[in-house]
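Visitor: Take a look at the following structure, please.
The values are calculated or read from the model by the stated rules, or taken from the named source; none is laboratory data. Since the model is a prediction, treat every value here as computed from it, not as a measurement. Reconstructed Cβ throughout: ideal geometry from the backbone, glycine too, with neighbour counts over all protein chains shown. The accessibility values were calculated without ligands, DNA or RNA, using every heavy atom of the protein model including side chains. Shrake-Rupley method; radii C 1.70, N 1.55, O 1.52, S 1.80 Å.
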Amino acid sequence: MEVFRRAVGKTPLHPEDPRIVAIASDEDFPGAGIPRVDINDIEAIAEMVLARAEPLEKVIAALG
């Protein structure tokens, strides 16, 4: 999940990183093609993290 706040002044990572599966942001990304929740909605962020979480062993194995 990418956490993006426009005020930080950096560009979003998700357009170039296919590993990012969701965005928590204070900005809309209508063409992102991945789910986005409001950065201030802690409950929605937690639900998204839990819905997309993978076992640590699987993640480590995928890294090679």
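Visitor: Cβ under 15 Å from VAL49's Cβ, VAL49 left aside: what net charge do those residues give with Lys, Arg +1 and Asp, Glu -1?
Guide: -3
Visitor: Express the carbon and sulfur contribution to the solvent-accessible surface of the chain as a percent, rounded to the nearest whole number, probe 1.4 angstrom.
Guide: Ligands and nucleic acids excluded, carbon and sulfur reach 58 percent.
Visitor: Still on this structure, I have one more. What residues qualify as long-range amide H neighbours of ARG36, i.e. H under 5 Å apart, gap of 5 or more or another chain, H built at 1.01 Å from N?
Guide: Close amide H contacts, sequence-distant or interchain: ILE23.
Visitor: While we're looking at this one, here's another question. What accessible area per residue, rounded to a whole number of Å², is obtained for the range 2-46 using a probe radius of 1.4 Å?
Guide: Using a 1.4 Å probe on heavy atoms only, each residue of the range 2-46 averages 68 Å².
Visitor: Per residue of the chain, what 222 nm ellipticity follows from adding -39500 (n - 2.57) for every DSSP H run with n ≥ 4, rounded to the nearest 500?
Guide: Helix contribution divided over all residues of the chain: -8500 deg cm²/dmol.
Visitor: Note the direction-averaged projected area, equal to a quarter of the hull surface, for the Cα convex hull of the chain, in nm².
Guide: Convex hull of Cα atoms, orientation-averaged projection: 5.0 nm².
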